[in-house]
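Okay, structure first, notes after.
The values are calculated or read from the model by the stated rules, or taken from the named source; none is laboratory data. None of these values were measured; they are calculated from a predicted model. Neighbour counts are summed over all protein chains in view; Cβ atoms, including those assigned to glycine, are modelled from backbone coordinates with ideal geometry.
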Amino acid sequence: MKIILLALTLAQVVPAFGQEDPLAIEKQELQERLEAHQAQLDELAAKTIQERTEAAHTLMDSAEWVAKVQKIGGDKVCELEAYVGSLAFNVISAFSLDMVATSERLQEETDSAKAMAEIARKNVRLDLALLAAREENQNRNPLDLFLEALPGSVFYGPAPSNLGNLYELIFEADNKVKMDKMGFDDNGEPIRRIKTGTYAVEVTPAGGVTFTLKLSSEGSEEIQTLEYVLVPDNIGFYYLAPSNAPQDPTKVASPFPAECGE
């Protein structure tokens with residue numbers, strides 16, 4: 001009788017042969033559900049990465065299209081609104097989606113890619129993004145990277161008329177700079193006057209960046225000194241504002257040329 005009672009007691013606390021513990025079953029079900037969710041998330045993440053890369057390529061295709069129209073020039077640029085600013089925005093947007101794919105596109109050897117890269121490298125923000133994308137540059141001082149990206153960059157002065165920008169500041173290697181300035185001959189016809197010189201960069205105590213340019217015309221001993229402060233916009237493109245009128249938009253040098261009377 002004692003043996004029978006012991007057997008009945010054990011039957012109540014030990015699952016019957018082949019019958020799983022309900023808690024173990026619940027654990028297994030939860031584990032399977034979590035694994036299914038993780039698989040879906042992994043698939044979604046992979047798809048998102050692919051979509052970002054494809055979107056970056058489409059943006060770069062659009063930038064190449066702008067470069068193609070820019071090469072044709074003339075009324076076509078205005079007719080199709082193929083502005084340099086659009087190219088720059090497309091490239092910087094592509095960098096934000098896929099840095100590697102965008103860098104590779106800027107270094108391709110096709111004619112359209114070369115035309116795009118030639119325009120892009122005149123914009124210090126885009127050249128900076130290309131430099132920063134390289135692995136060896138990822139932990140470098142931002143100002144050092146900026147100064148390395150600066151040679152070859154162009155800033156465009158105000159454009160108060162449909163004749164275009166009043167001047168262009170062209171930064172070159174070895175701290176050299178050139179100002180290509182609009183002027184007028186004795187007959188009132190527009191001509192370009194060139195001044196060359198050097199520039200120095202200083203970081204202010206407040207963390208700002210000041211450019212001091214010393215320029216002179218060929219054959220002249222007179223030196224013109226200009227001082228600008230570097231001003232980023234809300235998406236990271238850089239402008240040069242005269243230090244004596246940093247808030248005056250009519251005097252700011254832009255990273256984009258005036259086009260089509262804009």
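Data for the structure
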| item | result |
| --- | --- |
| Positions within the stretch 73-102 being over 10 Å from ALA56 (Cβ atoms) and not in a helix (DSSP H, G or I), in sequence order | GLY73, GLY74, GLU81, ALA82, TYR83 |
| Meets criteria (in a loop (DSSP other than H, G, I, E, B), loosely packed, with under 11 Cβ neighbours inside 10 Å, modelled with pLDDT of 85 or more and not assigned by TED's automatic domain parsing to the domain that holds ALA120) for ALA159 | no |
| Within the stretch 203-254, tally of residues that are β-branched (Val, Ile, Thr), over 25 Å from the mean Cα position of the chain (by Cα), surrounded by 14 or more Cβ atoms within 10 Å (Cβ to Cβ) and not in a strand (DSSP E or B) | 0 |
| Test: residue in the stretch 136-144 that is touching a residue at least 60 places away in the same chain (Cβ under 8 Å) and not in a helix (DSSP H, G or I) | no |
| The stretch 52-100, residues that are closer than 18 Å to VAL124 by Cα, under 13 Å from the mean Cα position of the chain (by Cα) and not aliphatic (A, V, I, L, M) | GLY85, SER86, PHE89, ASN90, SER93, PHE95, SER96 |
| Considering residues of the stretch 210-224 that are closer than 15 Å to ASP180 by Cα and small (Gly, Ala, Ser) only, the residue modelled with the lowest pLDDT | SER217 |
